[in-house]
1. Take peptide B:116-128, look around each residue's Cβ out to 10 angstrom, count Cβ atoms belonging to other protein chains, and average those counts.
2. Gap in Å between the Cα centre of region B:27-45 and the Cα centre of region B:120-194?
3. Taking 0.36 nm per residue of separation and subtracting the Cα-Cα distance, what length does fully extending A:ALA19 through A:VAL31 add?
4. Once whole DSSP H runs in chain B are found, which of them have Cα atoms spread over 27 Å or more along the helix axis and a mean Kyte-Doolittle score of at least -1.0?
5. For the cross-link pairs B:LYS201/B:LYS292; B:LYS109/B:LYS293; A:LYS121/B:LYS293; A:LYS116/B:LYS292; A:LYS29/B:LYS70, which exceed 24 Å when the distance is taken from alpha carbon to alpha carbon?
6. Evaluate peptide B:166-172: per residue, the Cβ atoms of other protein chains within 10 Å of its Cβ; return the mean as an integer.
7. Which stretch or stretches of region B:136-157 have amide N atoms under 19 Å from the point lying 7 Å from B:TYR271's Cα along the Cα→Cβ direction?
8. Summing -39500 (n - 2.57) over the DSSP H runs of n ≥ 4 in chain A and dividing by its residue number, what mean residue ellipticity at 222 nm do you reach, to the nearest 500 deg cm²/dmol?
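Coordinate-derived values only; no laboratory data. Please read these numbers as outputs of a predicted model, since none were measured by experiment. Positions of Cβ are backbone-derived with ideal geometry, glycine not excepted, and every protein chain shown enters the neighbour counts.
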Amino acid sequence: MAGFMSTQWAQQVKAQANAWPDPERRSSKLVDFWDWIDMVKPSVTGRLALSVRDMPKGAESDTLCLDFEAGVVIDASVCRRAQAEAGAAFLLAGSYEDWMSMLGGYDVGKMVMYRKLMLEKGDTLAFFTPAFFWTELLAAIQSVPAETFEAVPA
Amino acid sequence: MTMTDDRIDSVEMTDLAGLGRTDIDDVLDYVHVPTAKLPGYLDLYDRYLRQRWNVNDLDFTQDRADWVDKMNDDSRNSFLSIASGFHHGERQVEAELAPLFFGIPEDYKVFLTSHLEDEARHTVFFDRFYRDVVGLEGDGIMDVLDGSWGYIQETFVGPFGLLAYLTDDLRRDPYNKHLQMKYATTYMIWIEGVLALSVMKITLNYARDFKVLPAYYTGFTATCRDEARHVQGGMRFVRQLLDEDPSYVTDIHDTLRTLLTMGAARSGYVYYEPLGWSEDRVQALFMDQLHKKLAMVGVSLPADLEEMLSMVRPTLAGG
């Protein structure tokens, strides 16, 4: 299993995001919903950085960078937040504990609504225009297994 | 249609018990006043002092009996699909109001204290309804909210997530009037003025027409009257910002563009028919409510937003 916030995990996230949704997920929602996702995809271009504020020791990095072109992940990598932030259109950040909750199955809608992930860079209206594209992306990330670390901050 | 003075008096002066006999359509009409007649913030605060009600005065015994004996699985499920958006919505609008206090006019600050107290009371009202009538259990407010989460529409997170993130923007920059306008558009125009008033009409019409859930009807009608004050205060604030600088209208339009884009998505069906409604009727209600709110502040929609509004799928929530 790839380590959380490792290069290998980032590549698995990229593959999963581009293959999303799986048949089970697709059939759980109306066709209208996926049509809506297809409608907003062309507007999703640029870098989304997803960061852990208090990453424990042992991780390769603390931030996942996903570069999108028309809703497709064309590059995925991990790096330090300062490096990722400069080129990111949007940066979402949360605590390690909240990231672990999400990877453990915590509802991705609640991750947003209860600000477990906060938008720390980027225009809020622009971010929310394709809102459900992002929640589906979080669900895709959630479904990629990851080896986690002892919660001792670095 | 303009309300007659005696109908306005009837809504304005009635106590909690009397609201159980008040027609919800009168309360909904009571929200809408022309720009020139929008009450001042201190008038609204005075009205709050007269209209405040005690959530613990409600007795849900008959509601529980109706829930079990008079309603069937279809009507219970449809009701929960709609009411749960309010259960969560009330918590959200309560939790997200505080950062607005810093940068608004002094008189509005006074009124906003009452608005916040109302939202806390509405949260407790729904907590009581879900415990005493629906039968959910939990140690605190959040446990019961978690219990009804499965009933809300997935698209709920669109407007309420946007509100949460705009709240955070406002917390960081509370005097930024562009942000205040985006926040007020999301909170007072869309969530309170469109979503909430639409959902109130659906569930309260159902309770009235089928003669069920009397304490729910009473408490939620009182909630609706509270919302009338919040919407009128919010519309006054929006109008004040526009008077200061008419270019803030761009913030209203930009925010609505995001809300209406999200509003075109739906992930599952809600069956309105057991409650006597249809999706087309609900959509028409949304459109009407938005036009009425914008008329209160003297703003019109450009053609692209009118077209987007006609594509909106109802998100059944409010706060």
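1. Working: counts 0, 0, 0, 0, 0, 0, 0, 0, 0, 0, 0, 0, 0.
That works out to 0 on average.
2. 23 Å
3. Details: separation 12, 0.36 × 12 = 4.32 nm, distance 1.68 nm.
Taking 0.36 nm per residue and subtracting the Cα distance, the gain is 2.6 nm.
4. Working: long enough: B:73-95 (32 Å, -0.81); B:106-129 (35 Å, -0.62); B:214-244 (45 Å, -0.59); B:279-297 (28 Å, -0.16).
Membrane-span-like by this rule: B:73-95, B:106-129, B:214-244, B:279-297.
5. Working: B:LYS201/B:LYS292 15 Å; B:LYS109/B:LYS293 22 Å; A:LYS121/B:LYS293 32 Å; A:LYS116/B:LYS292 35 Å; A:LYS29/B:LYS70 31 Å.
Where the Cα-Cα span goes over 24 Å, the pairs concerned are A:LYS121/B:LYS293; A:LYS116/B:LYS292; A:LYS29/B:LYS70.
6. Working: counts 4, 2, 5, 4, 0, 0, 1.
Mean shielding count: 2.
7. B:150-154
8. Numbers: 8 runs with 66 residues, N = 154.
Value at 222 nm, helices only, nearest 500: -11500 deg cm²/dmol.
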